[in-house]
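Single-structure report; data block below.
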Amino acid sequence: MIRDMDLIRKILLKVETEVNNTVEYDLEIEEYSVDQVAYHCSVLYDGGYLNDYKGHYAGGELISFGVGGLSWNGHELLDNIKDEAIWKKTKETVK
């Protein structure tokens, strides 16, 4: 799966506002499939931006996933990309 930085940002924003010292199951992001969101949460966890991620599989397919809150690095990254104008400028610079 191709990494989608817009989805990464949306996940970080949602986790910051909705996950408080608990685990959020099957985090939903409008316009994205469960598989896309779960994959990107897994990538964020592997990168040290989320405190927890756990996928539950049956028959080789994802049936559920849980995600913990932001790590220190997750908060730092989000602080740098939270502002919409800065985010657009960052994406233009990267392109």
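The values are calculated or read from the model by the stated rules, or taken from the named source; none is laboratory data. The structure presented is a predicted model; accordingly, all values stated were derived computationally and were not measured. Note that each Cβ is placed from the backbone with ideal geometry, even for glycine, and that neighbours are counted across all protein chains shown. To get the accessible areas, we keep the full protein, side chains included, count just its heavy atoms, and leave off ligands, DNA and RNA. Shrake-Rupley method; radii C 1.70, N 1.55, O 1.52, S 1.80 Å.
A few points about this structure:
- Computed on the chain, with alpha-carbon pairs under 8 angstrom and 6+ residues apart, the relative contact order is 29 percent.
- Taking amide H as placed 1.01 Å from N in the peptide plane, the amide H of Ser71 sits under 5 Å from that of Leu50, Asn51, each at least 5 places away or on another chain.
- Where a label projected 7 Å from the Cα of Val94 along Cα→Cβ would reach, residues of segment 36-59 with amide N under 20 Å: 36-51
- Under the Karplus curve 6.51 cos²θ - 1.76 cosθ + 1.60, θ = phi - 60°, whole-Hz ³J(HN,Hα) for segment 7-14, x wherever Gly or Pro sits: 5, 3, 4, 4, 4, 4, 4, 5
- Shape of segment 1-44 from the C-alpha gyration tensor: prolate (a/c of 1.5 or more and a/b above b/c, with a ≥ b ≥ c the square roots of its eigenvalues).
- With all protein chains in place and ligands, DNA and RNA left out, the 1.4 Å accessible area ranks Ile63, Ile29 as Ile63, Ile29, largest first.
- When the convex hull of its Cα atoms is projected in every direction, mean area for the chain (nm²): 6.3
- The length gained on full extension between Trp72 and Tyr25, counted as 0.36 nm times the residue separation minus their Cα-Cα distance, comes to 14.8 nm.
- Shown for the chain: lysine pairs separated by 8 or more places, or found on different chains, whose C-alpha atoms are under 23 Å apart, numbering 13.
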